[in-house]
Amino acid sequence: DEYAAALFLATPLEAAGIPVYIERLGQRRANLWAVLAGDDLRPLMLLSHLDVEPVSTLEGWERPPFAGAIAGPWTIGRGAFGRAP
């Protein structure tokens, strides 16, 4: 239930004074984003899924799904994808 997860995650963010936006996409689907403004010209974006699928086999994975592998400026893993500074 992505919508329930979004509401759960919104609670501590809002308590910390961070504006939270929830986009409801049907009965149980949703996106959540929050913006913490600052003066640094190098923004940081944290991206995650609200839903989870089990890894039943490692077949088809380019890199081990739980490794958090570094490939150039990117961090790649199951549920992780980001660009290093």
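Round to a whole number: what % of the accessible area of the chain belongs to carbon and sulfur, probe 1.4 Å?
Summing carbon and sulfur atoms, their accessible area is 59 percent of the total for the chain.
Assign unit charges at the C-beta atoms only (+1 for Lys and Arg, -1 for Asp and Glu), then state the dipole size of the chain relative to its Cα centre in Debye, rounded to the nearest 20.
For this selection, approximately 100 debye.
Counting only heavy atoms of the protein chains, get the accessible area per residue of the chain (1.4 Å probe) and round it to a whole Å² value.
Ligands and nucleic acids excluded, the figure is 85 Å² per residue.
The values are calculated or read from the model by the stated rules, or taken from the named source; none is laboratory data. The shown structure was predicted, so the numbers you read here are calculated from the model rather than taken from an experiment. Please note: Cβ atoms are built from the backbone with ideal geometry, for glycine as well, and neighbour counts cover all protein chains shown. The area values use the complete protein model at the heavy-atom level, side chains included, leaving out ligands, DNA and RNA. Shrake-Rupley method; radii C 1.70, N 1.55, O 1.52, S 1.80 Å.
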